[in-house]
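Here's the structure we're looking at; comments come further down.
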Amino acid sequence: MLAQQVSEHKCPNCGKDMLVKRGRFGEFLGCSGYPECKTILNLDKDGNIKPPKPPAEPTGISCYKCKQGELVIRQSRKGPFLGCNRFPRCRTIVSVQKIDELKELQAKGQWPPKTAAEADEVLGRNQAEKKAVKKRIKN
């Protein structure tokens, strides 16, 4: 068994030492009080603690697929996007550039549409584009 390296950081939840550990995504800090305290802190390539992801920002726009959720602004490596707050049950994704248009349509009572085809028309999507997106997701 490898000796675990103690870092200079303390656990933000319980105050115990944080240990440098290696996982499939690289090094991270894990609480020495594991399994009672399961706090982890991600590290960047230089070994500095990464800030936590910002929470999803509500928009008030209804999800057109599940009809129960709300589209929220989420952050990814490629930038912000609109996604359903019921993720992973609903995997709706919309460009953040459509936010003003969707808020306008919802205020007029024209959003969410009854079918996915109507939503695709409003969002400016076509079937060839949808197939390309699904193919990219599979790979």
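Here are the numbers:
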{"quantity": "Selected residue [farther than 30 Å from LYS98 by Cβ and either of a type in the set (Val, Ile, Thr) or in the same structural domain as LEU105 (by TED's automatic domain parsing) (or both)] from ILE61, ILE40", "calculated": "ILE40"}
{"quantity": "Boolean, LYS67 is exposed (fewer than 11 other Cβ atoms within 10 Å of the Cβ), farther than 23 Å from GLY23 by Cβ and in contact (Cβ under 8 Å) with a residue 40 or more places away in the chain", "calculated": "yes"}
{"quantity": "Residue check, GLN110 in a strand (DSSP E or B), modelled with pLDDT under 95 and surrounded by fewer than 16 Cβ atoms within 10 Å (Cβ to Cβ)", "calculated": "no"}
{"quantity": "Conditions (1) modelled with pLDDT of 90 or more; (2) closer than 25 Å to ILE137 by Cα; number of the one not met by ILE40", "calculated": "(2)"}
{"quantity": "Set LEU82, LEU105: member being in a strand (DSSP E or B), outside the structural domain of MET18 (by TED's automatic domain parsing) and farther than 30 Å from GLY23 by Cβ", "calculated": "LEU82"}
{"quantity": "When residues of region 44-64 are limited to those that are part of a strand (DSSP E or B) and surrounded by fewer than 16 Cβ atoms within 10 Å (Cβ to Cβ), the one modelled with the lowest pLDDT", "calculated": "ILE49"}
{"quantity": "Hits in region 21-43 (condition: among the charged types (D, E, K, R) and more than 14 Å from LYS10 (Cα to Cα))", "calculated": "LYS21, ARG22, ARG24, GLU27, GLU36"}
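The values are calculated or read from the model by the stated rules, or taken from the named source; none is laboratory data. This one's a predicted model, so the numbers in the text were calculated from it and none came from an experiment. Counting neighbours? That spans all protein chains shown, and the Cβs are built from the backbone with ideal geometry, glycine included.
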